[in-house]
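*Asks:* Below is a structure I'd like to ask you about.
The values are calculated or read from the model by the stated rules, or taken from the named source; none is laboratory data. The shown structure was predicted, so the numbers you read here are calculated from the model rather than taken from an experiment. Cβ: placed from backbone, ideal geometry, glycine included. Neighbour counts: every protein chain shown.
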Amino acid sequence: MTALLERTRHLASEQRPLPVGRTSSNLKAKAPAGMNTRDANARMDTHEAVCAERYAGINARLKRVEGWVISMVVATMGLMATIIVKGFH
């Protein structure tokens, strides 16, 4: 996996920006000059690897937030149970 990430970082540093003005109406536009299938596949591999890394980070953050939410719900329910059992004295 690290070899793939190193390769994608190397490829990402060589990437040219996408042409300006790409919209859904001109999706059939030609590829940038000089781009062949190998270049397109390399860019796609880079994109997929970067997105996978980004997704892993987002997933880790969501798990952390989920843990906080669950703990807050449990604490709130515990407080409510304590108040109900002991009364409002």
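*Asks:* Looking for something modelled with pLDDT under 65, part of a helix (DSSP H, G or I), surrounded by 10 or more Cβ atoms within 10 Å (Cβ to Cβ) and not acidic (Asp, Glu) - is there at least one such residue anywhere in the range 39-47?
*Replies:* Checking the range 39-47: not a single residue is modelled with pLDDT under 65, part of a helix (DSSP H, G or I), surrounded by 10 or more Cβ atoms within 10 Å (Cβ to Cβ) and not acidic (Asp, Glu).
*Asks:* While we're on this one: Can you tell me which of (1) in a helix (DSSP H, G or I); (2) at pLDDT below 70; (3) surrounded by 10 or more Cβ atoms within 10 Å (Cβ to Cβ) is the one residue 13 doesn't meet?
*Replies:* Here residue 13 meets the rest and fails (3).
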